[in-house]
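So the structure is just underneath, and the comments pick up after that.
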């Protein structure tokens with residue numbers, strides 16, 4: 001199918017910016033331009049990969065994207081690409097082997113929150129305090145509830161590891177894009193975890209001090225609604241590395257996914273790809 005477009009822009013793709021509102025508001029960064037993507041619902045759009053990838057850190061041209069937008073040298077040396085980012089309980093800052101202790105002071109040695117969320121069912125997750133609610137929006141959660149505040153990323157990872165004995169920590173992306181999960185009583189879910197949670201908090205406080213972990217007993221559930229006109233009946237994924245031109249009618253936005261009537265595109269996966277976006 002051919003489309004006629006009135007507007008276009010070229011630049012390196014970045015993950016969508018999302019703001020919590022009655023319906024989540026999205027902007028798609030392409031180079032220096034921010035496209036108000038919610039306004040394009042129901043319209044034909046096209047994203048064309050132009051064959052170049054530019055590292056999100058150093059700008060170097062790269063044949064492949066590592067860790068969602070980095071070139072290989074940056075992937076190997078930057079602290080934000082270290083294994084402890086995906087597994088915070090493996091933090092080695094205290095051993096003096098952190099890739100960049102100043103970066104860690106800003107992003108890791110700071111308050112984090114352990115939370116419950118409902119994206120495709122109940123899950124546990126962690127994020128920096130200043131990343132609330134962005135983290136939930138990026139995951140496509142329809143409900144979220146902070147349950148514990150901790151003093152460092154490592155401590156949040158240790159607590160999450162305990163809760164993963166009973167809870168999932170992953171989102172089923174295919175289920176995410178087929179519709180909203182059934183609402184859950186997250187307050188009741190937190191209460192049911194109390195024995196395990198209380199013991200884990202006590203162990204953290206014994207190891208790191210009383211300030212290490214504080215239960216958030218007064219927090220309230222955040223409900224989230226996404227701009228979706230309809231969900232695809234069959235999940236087909238678009239991949240710039242295989243087919244460089246993606247087009248179709250935009251039917252929804254959820255997490256970091258654009259849902260088109262021709263398939264879904266994970267914007268975060270293709271961060272740093274140079275594209276031409278037309279609408």
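Here, each number is a calculation from the coordinates, and none is a lab measurement. These numbers were taken from a predicted model, which means no experiment stands behind them. Here the Cβ is made from the backbone with ideal geometry for all residues, glycine too, and neighbour counts use every protein chain on show.
Which value in nm describes the separation of the simple spin-label points at residue 95 and residue 110, placed 7 Å from the Cα toward the beta carbon?
Distance between label points: 2.5 nm.
With a 10 Å cut-off between alpha carbons and a GNM built on the chain, which of 238, 92, 112 moves the most?
92
On a 0 to 90° scale, report how tilted helix 194-208 is relative to the longest principal axis of the chain, with both axes built from alpha carbons and the result rounded to the nearest 10.
Helix 194-208 and the main axis of the chain meet at about 80 degrees.
What FRET efficiency would be calculated for the residue pair residue 214, residue 241, taking the C-beta separation as r and a Förster radius of 41 Å, to the nearest 0.05?
The computed FRET efficiency comes out at 0.35.
How would 39, 57, 94 line up from fewest to most surrounding beta-carbon atoms within 10 angstrom?
Least to most surrounded, the residues fall as 94, 39, 57.
Wrap a convex hull around the Cα atoms of the chain, take a quarter of its surface area, and give that in square nanometres.
Quarter of the Cα hull surface area: 15.3 nm².
Quote the Stokes-Einstein diffusion coefficient, in whole µm² s⁻¹, for the range 1-146, based on the Kirkwood radius over alpha carbon pairs, a temperature of 25 °C and a viscosity of 0.890 mPa s.
Once the numbers are plugged in, D ends up at 136 µm²/s.
For Cα pairs less than 8 Å apart in space and 6+ apart in sequence, what is the mean separation divided by the residue count of the range 141-279, i.e. the relative contact order in percent? Can you show the working numbers first?
On the way: 149 pairs, mean separation 38.3, N = 139.
Computed value for the range 141-279: 28 percent relative contact order.
Say R0 is 41 Å: what FRET efficiency, to the nearest 0.05, do residue 203 and residue 276 get from their beta-carbon distance? Walk me through the numbers before you get to the answer.
Values: r = 53 Å, r/R0 = 1.29.
For R0 = 41 Å, the calculated efficiency reads 0.20.
Would you mind ranking 111, 82 by Cβ crowding within 10 Å, fewest neighbours first?
111, 82
Quick check: residue separation of residue 188 and residue 3 times 0.36 nm, minus the Cα distance between them. What number comes out in nm?
Result for the pair: 61.6 nm of gain on full extension.
Arrange 174, 99, 14 by Cβ neighbour counts within 10 Å, fewest through most, would you?
Listed from fewest to most nearby Cβ atoms, that is 174, 99, 14.
Please pull out the direction-averaged projected area of the range 1-46, using the convex hull of its alpha-carbon atoms, in nm² to one decimal place.
3.9
Kirkwood Rh and Cα-based Rg: tell me the resulting Rg over Rh for the range 88-143, rounded to two decimals.
Using Cα coordinates only, the ratio equals 1.07.
Once the piece of chain linking residue 164 and residue 52 is laid out straight, how much longer is it, given 0.36 nm per residue of separation minus the C-alpha distance between them?
Gain on stretching residue 164 to residue 52: 36.4 nm.
With the radius of gyration and the Kirkwood radius both derived from the Cα set of the range 61-127, what is their ratio Rg to Rh?
1.05
Normalized C-alpha radius of gyration of the range 1-85, against 2.2 N^0.38 Å?
1.33
Just need the relative contact order of the range 20-123 here, percent rounded to a whole number, with Cα pairs under 8 Å and 6+ apart.
The normalised contact order for the range 20-123 reaches 11 percent.
I need the P(r) histogram for the range 86-219: all alpha carbon pairs, bin width 5 Å from 0 out to the longest distance, whole percents.
The distribution over the range 86-219 is 2, 10, 20, 23, 20, 13, 8, 4, 1, 0, given as percents.
Please determine, in degrees from 0 to 90 and to the nearest 10, the orientation of helix 153-163 with respect to the longest principal axis defined by the Cα atoms of the chain, where the helix direction is its Cα long axis.
80
With runs of 4+ DSSP H residues as the only contributors, calculate the mean residue ellipticity of the chain at 222 nm using -39,500 (n - 2.57) per run, divided by the residue total and rounded to the nearest 500.
-5500 deg cm²/dmol
Fully extended, how many nm does the chain gain between residue 229 and residue 34 (0.36 nm per residue separation, minus their Cα-Cα distance)?
Working: separation 195, 0.36 × 195 = 70.20 nm, distance 2.19 nm.
Gain on stretching residue 229 to residue 34: 68.0 nm.
Output the relative contact order of the chain, whole-number percent, from Cα pairs under 8 angstrom with separation of 6+ residues.
Averaging sequence separation for qualifying contacts and normalising by length gives 30 percent for the chain.
At a temperature of 37 °C and a viscosity of 0.692 mPa s, determine how fast the range 71-165 diffuses translationally according to Stokes-Einstein, using the Kirkwood radius over alpha-carbon pairs as Rh; express D in µm²/s, rounded to the nearest whole number.
Values: Rh = 13.9 Å.
The estimated diffusion coefficient comes to 236 µm²/s.
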